[in-house]
């Protein structure tokens with residue numbers, strides 16, 4: 001249904017299909033309890049990570065399916081995380097974005113840069129009307145990422161999901177195609193506290 005031209009390059013990153021050669025980086029990310037803290041899965045074993053990696057697709061085959069791309073640094077060709085895009089409905093023209101990055105890559109704006117590329121792809125490539133992000137209410141850095149991209153806070157659902165043995169709150173952020181195209185251009189740079197490091 002949707003097969004974007006890959007790779008997608010941003011100022012510092014390359015978004016491309018996951019490869020089995022990425023298993024070491026992927027398995028390390030998915031084994032880290034801090035990385036997995038706000039995701040549905042528990043930390044994965046290497047075998048579980050290998051199976052999950054093999055199932056990731058760089059295209060959307062039908063409504064309500066995900067495409068997942070590796071995110072690597074242009075200067076090192078090392079996968080530091082991943083981004084996803086779910087085409088939720090062709091009738092309502094909605095998509096959802098997701099992102100997961102290793103701990104060492106946090107605080108440099110990489111997740112924001114990659115997520116911005118995916119939101120842009122949803123609007124320009126898929127032609128959606130609305131993009132949403134769903135996140136655990138405790139995940140403050142993810143909420144800040146959404147706000148940096150210009151997504152609007154729309155909802156706070158109280159204890160609406162039972163995840164990893166506990167009731168969790170969920171936040172919904174969203175942006176419409178006309179809002180995305182009208183927003184001012186964002187300067188890609190690391191946050192001030194890590195600039196120059």
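In the set 64, 169, only one residue is touching a strand residue (DSSP E or B) at 6+ places or on another chain (Cβ under 9 Å) and modelled with pLDDT under 95; that residue is 64. Of 90, 47, 136, all but one fail to be at pLDDT below 95 and out of contact with any helix residue (DSSP H, G or I) (no Cβ under 6 Å at 6 or more places or on another chain); the exception is 90.
Apart from one condition, residue 188 fits all of (1) out of contact with any helix residue (DSSP H, G or I) (no Cβ under 8 Å at 6 or more places or on another chain); (2) surrounded by 13 or more Cβ atoms within 10 Å (Cβ to Cβ); (3) modelled with pLDDT under 95; the exception is (1). All conditions but one from (1) out of contact with any strand residue (DSSP E or B) (no Cβ under 7 Å at 6 or more places or on another chain); (2) surrounded by 15 or more Cβ atoms within 10 Å (Cβ to Cβ); (3) closer than 27 Å to residue 170 by Cα apply to residue 55; the one that does not is (2).
Considering the stretch 1-25 alone, what residues qualify as being out of contact with any strand residue (DSSP E or B) (no Cβ under 7 Å at 6 or more places or on another chain), touching a residue at least 12 places away in the same chain (Cβ under 8 Å) and in a helix (DSSP H, G or I)?
20, 23
The set of residues in the stretch 67-87 that are within 18 Å of residue 174 (Cβ to Cβ) and either buried (at least 19 other Cβ atoms within 10 Å of the Cβ) or out of contact with any helix residue (DSSP H, G or I) (no Cβ under 9 Å at 6 or more places or on another chain) (or both) comprises 83, 85, 86, 87. Filtering the stretch 104-119 to residues that are buried (at least 16 other Cβ atoms within 10 Å of the Cβ) and either at pLDDT below 95 or touching a helix residue (DSSP H, G or I) at 6+ places or on another chain (Cβ under 8 Å) (or both) leaves 105, 106, 111, 112, 115, 119.
Within the stretch 125-146, track down each residue that is within 13 Å of the chain's Cα centre (by Cα), farther than 17 Å from residue 40 by Cβ and in a helix (DSSP H, G or I).
Of everything in the stretch 125-146, those that are within 13 Å of the chain's Cα centre (by Cα), farther than 17 Å from residue 40 by Cβ and in a helix (DSSP H, G or I) turn out to be 141, 143, 145, 146.
Within the stretch 1-30, the residues that satisfy the criterion of being loosely packed, with under 15 Cβ neighbours inside 10 Å and more than 14 Å from residue 58 (Cα to Cα) are 9, 11, 21, 24.
The values are calculated or read from the model by the stated rules, or taken from the named source; none is laboratory data. All figures in this text were calculated on a predicted structure; none of them were measured in a lab. A quick note on method: Cβ atoms are made from the backbone with ideal geometry, for glycine too, and the neighbour counts reach across all protein chains shown.
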